[in-house]
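Enquirer: Take a look at this one; I'll ask things after.
The values are calculated or read from the model by the stated rules, or taken from the named source; none is laboratory data. Remember, predicted model here, so these are calculated numbers, not experimental data. In this analysis, Cβ positions are derived from the backbone assuming ideal geometry, glycine residues included, and neighbour counts consider all displayed protein chains. Just the protein is used for accessible areas: all its heavy atoms, side chains included, with ligands, DNA and RNA removed. Shrake-Rupley method; radii C 1.70, N 1.55, O 1.52, S 1.80 Å.
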Amino acid sequence: MARPATFASALTLSTIALASKTFLRLTTKKYEVNGLPILLDALRIPHDGKGKGKAVEGLEKDGDTSQLSRRGIVTVCNHNSVCDDPMMWSLMPLSTYFPFATPSHTCRNSRWTLGASDIMFTKPLHSKFFNLGQVIETHRGGGIFQPAVDRAVKLLQDGSWIHIFPEGRVNQEPTNPDGGLFRFKWGIGRIIMDSKVMPEIIPIWISGFDQILDERRGWPRPIPRPGAKISITVGQPLTSQIEPLVKAWRALADKEVGTVGVGGDWKQEQIKDTDTLGHVGDVQKEIRSKGALSDGREKEVRIKITELLQQGVSDLGREVEAKEGRFEKGLWSQSTKRVKSE
């Protein structure tokens with residue numbers, strides 16, 4: 001279950017989002033958002049067809065349609081710079097944020113994401129800030145079956161929104177001169193396949209944030225640069241492509257003893273085998289982490305889901321970058337690896 005919405009969390013989310021919206025509106029040469037109604041429809045936020053949210057009042061439940069039952073949402077996106085999150089959420093309507101909406105509406109319709117413990121949660125004050133900002137503390141090297149990923153799965157089942165940068169690191173020309181997306185991490189596959197309720201899966205492509213915080217920037221390094229050309233594109237859902245694989249995994253999971261991590265739970269019952277006395281959950285977690293559950297078929301499904309997600313994001317990226325003229329001009333591409341001449 002998601003934690004109850006709090007005023008402190010809504011204030012944190014709203015302050016950062018509105019500051020990002022203001023910065024991008026005032027300092028960029030171009031700011032373009034495409035496909036926003038796709039995301040708003042998944043969130044069940046009313047809009048005018050152009051992605052502008054309507055006033056939240058007089059609706060079905062506590063004045064908020066998004067509080068009605070909905071399936072979880074997973075958004076997956078290329079990672080363009082260290083400022084992608086939170087700046088990309090400037091795309092959301094003003095009516096998403098306090099004081100233009102209730103704290104419950106703001107928290108419900110703001111993304112949850114995963115953040116590295118050794119970067120974001122290094123001090124008590126930082127931990128408090130990121131917790132209020134709906135960031136789940138994730139431990140590098142902890143694997144895809146750690147408690148942070150279990151929590152993300154549980155949030156999805158509550159109808160929450162999880163946003164992931166599956167590349168796991170910033171992708172810019174200095175660190176990836178040949179271009180193309182980095183291989184997506186398998187954690188995103190596990191989050192989707194273990195949710196008891198199939199989430200809506202939506203790709204997003206962002207462009208130009210590397211102009212705000214280029215990895216090659218000099219002093220003053222922490223200061224965002226003006227003059228960027230920004231575009232944020234929400235693509236068509238990938239849900240129908242992924243759902244058959246999730247169903248295949250669920251059929252395998254139903255044949256196993258215990259919950260095997262589905263729903264973010266690991267059923268803890270004492271079991272006895274020929275050598276050791278352990279717990280169903282702990283044993284199955286170890287087996288899954290080795291890719292050996294269901295004779296390796298669980299791992300195969302997880303990899304296939306991740307590959308389809310990467311293909312979907314890459315296809316969206318190529319479409320956006322083609323419109324930008326990147327291929328015609330021979331510019332570096334994040335969506336497509338450069339073909340080396342013989």
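Enquirer: For the chain, with only Lys/Arg (+1) and Asp/Glu (-1) charged at the beta-carbon, what is the dipole magnitude about the Cα centre, in debye rounded to 20? Could the numbers behind the result be given before it?
Expert: Numbers: 48 positive and 40 negative charges, 145 e Å.
In total the dipole reaches around 700 debye.
Enquirer: Under a cut-off of 16 Å between alpha-carbon atoms, report the lysines in cross-link reach of Lys30, not counting same-chain residues fewer than 8 places apart.
Expert: The qualifying lysines are Lys21, Lys229, Lys323.
Enquirer: How far, in degrees from 0 to 90, does helix 239-253 lean away from the longest principal axis of the Cα atoms of the chain, to the nearest 10?
Expert: Taking Cα atoms only, the helix is inclined about 20 degrees.
Enquirer: For the chain, take the longest principal axis of its alpha carbons; what is the angle in degrees between that and the long axis of helix 7-27, to the nearest 10 within 0 to 90?
Expert: Taking Cα atoms only, the helix is inclined about 40 degrees.
Enquirer: If I fit a long axis through the Cα atoms of helix 297-324 and take the longest principal axis of the Cα atoms of the chain, what angle between them do I get, 0 to 90°, rounded to 10?
Expert: 10
Enquirer: Rounded to the nearest 500 deg cm²/dmol, what is the calculated helix-only ellipticity per residue at 222 nm for the chain, with -39500 (n - 2.57) per DSSP H run of length n ≥ 4?
Expert: Details: 12 runs with 127 residues, N = 342.
After summing the helix terms and dividing by the residues of the chain, the value is -11000 deg cm²/dmol.
Enquirer: Something else: From the square roots a ≥ b ≥ c of the eigenvalues of the alpha-carbon gyration tensor of the range 105-146, which class results: rounded (a/c under 1.5), prolate (a/b over b/c), or oblate? Please report the intermediate quantities before stating the final value.
Expert: Numbers: a/c = 3.62, a/b = 1.34, b/c = 2.70.
Since a/c reaches 1.5 but b/c is at least a/b, the shape of the range 105-146 is classed as oblate.
Enquirer: Would you work out if the range 212-254 is rounded, prolate or oblate? Take a ≥ b ≥ c from the square roots of the eigenvalues of the alpha-carbon gyration tensor; rounded if a/c is under 1.5, else prolate when a/b is larger than b/c, oblate otherwise. Don't jump to the answer; show the numbers that get you there.
Expert: Values: a/c = 7.39, a/b = 2.80, b/c = 2.64.
Prolate, because a/c is 1.5 or more and a/b exceeds b/c.
Enquirer: Over the alpha carbons of the range 180-243, what is the largest minus smallest coordinate on each principal axis, giving the biggest first in Å?
Expert: 48, 22, 21
Enquirer: For a quick size check, give me the Cα extents of the range 62-166 along its three principal axes, largest first, whole Å.
Expert: That gives 42, 29, 26 Å along the principal axes, largest extent first.
Enquirer: Provide the convex hull volume over Cα atoms per residue for the range 83-123, in Å³.
Expert: On the way: hull volume 3.9 nm³, N = 41.
Expressed per residue, the convex hull around the Cα atoms of the range 83-123 is 96 Å³.
Enquirer: Can you compute the equivalent ellipsoid semi-axes for the range 274-333, i.e. the square root of 5 times each eigenvalue of the Cα gyration tensor, sorted largest first and rounded to whole Å?
Expert: Working: eigenvalues 392, 18, 13 Å².
Each semi-axis is the square root of five times an eigenvalue, giving 44, 10, 8 Å.
Enquirer: Which lysines, on any chain, are close to Lys267 with Cα under 16 Å apart, when same-chain ones fewer than 8 places away are left out?
Expert: Once the sequence-local lysines are set aside, what remains near Lys267 is Lys154, Lys196, Lys255, Lys285.
Enquirer: Please list, in chain and number order, the residues 5+ apart from Thr28 or on another chain whose amide H is under 5 Å from its amide H, with Hs placed from the backbone.
Expert: Excluding prolines and chain starts, which carry no amide H, the hits are Gly227.
Enquirer: Further question: Taking Cα pairs under 8 Å and at least six residues apart, what relative contact order does the range 201-325 come out at, in percent?
Expert: That works out to 25 percent.
Enquirer: Can you give me the relative contact order of the chain as a percent, contacts being Cα pairs under 8 Å and 6 or more apart? Don't jump to the answer; show the numbers that get you there.
Expert: Working: 606 pairs, mean separation 72.6, N = 342.
Once divided by the residue count of the chain, the mean separation gives 21 percent.
Enquirer: Could you give me D for the chain, from Stokes-Einstein at 25 °C and 0.890 mPa s, where the hydrodynamic radius is the Kirkwood radius over C-alpha pairs? Units µm² s⁻¹, please. Intermediate values should be presented prior to the final figure.
Expert: Working: Rh = 21.2 Å.
After rounding, the answer is 116 µm²/s.
Enquirer: Karplus couplings for the range 188-198 from phi (6.51 cos²θ - 1.76 cosθ + 1.60, θ = phi - 60°), rounded to Hz, Gly and Pro as x?
Expert: Along the range 188-198, the couplings run 5, x, 5, 4, 6, 6, 9, 6, 5, 10, 4 Hz.
Enquirer: Rounded to the nearest 10 Å², what accessible area does Thr259 show when all protein chains are kept and the probe is 1.4 Å?
Expert: Looks like 50 Å² after rounding.
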